[in-house]
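Quick notes on the structure that follows.
FYI, it's all coordinate maths here, none of it is from the lab. As the structure is a computational prediction, the values presented were derived from the model and not from experiment. Neighbour counts run over all protein chains shown; Cβ positions are idealised from the backbone, glycine included.
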Amino acid sequence: MTIQIERKFGYMGYLGRVKLYANDEPIAKLAVGDTYTYEPGEGQGIIRLKVTQLGGGSNTLFLKDPAKVTISVNPYYTITFLLFFACLFAANITPYSIVFLPLALLLCLVFILLGFSKTFVLKEVRE
């Protein structure tokens, strides 16, 4: 049984490498575009995969059969980041800074909270 893990490109978090865990044991560090093939030992039933990077985590994926997994950035994390900078930009060029600055601070808080819960998303690819 082999599990192939690929890290896809994403604008958020692409500079650092993510640490890959199988059954809560670190097995590899992956940069953008890297592929890792994990071969669990005999008798291991369900494999739990997750990744972390600088305190940010991912969902936990449970695998039993040979599988292919992709690691990507959570789309909500990326959207929140872009909206944060859009609000900061709008606060500087429009007279409505009283509206955009609190919104930007709220988006910054959401961005930080999303980063600590699920920065990355693990998905099993079915062929």
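Angle between the Cα long axis of helix 97-117 and the longest principal axis of the chain, 0 to 90 degrees, nearest 10?
It is inclined by approximately 10 degrees.
Identify all lysines with a Cα-Cα distance to K123 below 17 Å; exclude those on the same chain that are fewer than 8 residues away in sequence.
Leaving aside lysines fewer than 8 places away in the same chain, those within reach of K123 are K8, K19, K50, K64, K68.
Taking a ≥ b ≥ c as the square roots of the eigenvalues of the Cα gyration tensor of segment 30-96, is the shape rounded (a/c under 1.5), prolate (a/b larger than b/c) or oblate? Kindly include the intermediate steps, with their values, before the conclusion.
Values: a/c = 4.29, a/b = 3.51, b/c = 1.22.
Prolate, because a/c is 1.5 or more and a/b exceeds b/c.
According to a simple spin-label model (label point 7 Å from Cα along Cα-to-Cβ), what is the distance in nm between K118 and T94?
Simple spin-label model gives 3.0 nm for this pair.
Within 10 Å of each residue's Cβ, count the other Cβ atoms and sort R7, R48, R126 from fewest upward. Mind showing how you got there, number by number?
Values: R7 24, R48 13, R126 6.
Ranked by crowding around the Cβ, least crowded first: R126, R48, R7.
Within the chain, what percent of beta bridges assigned by DSSP are antiparallel, to the nearest 5? Before the final figure, lay out the partial values.
Working: 23 of 29 bridges.
Roughly 80 percent of the beta bridges in the chain run antiparallel, per DSSP.
May I ask you to sort C108, C87 by Cβ crowding, counting other Cβ atoms within 10 Å and putting the fewest first?
Values: C108 16, C87 21.
Lowest to highest Cβ neighbour count: C108, C87.
Sort the following peptides by mean Cβ neighbour count (other Cβ atoms within 10 Å, averaged over residues), highest first: 26-38, 112-124, 67-79.
Details: 26-38: 13.9, 112-124: 16.0, 67-79: 18.2.
Answer by packing, highest mean first, reads 67-79, 112-124, 26-38.
For segment 3-125, what is the largest minus smallest coordinate of the Cα atoms on each principal axis, given in angstrom and ordered from greatest to least?
65, 22, 22
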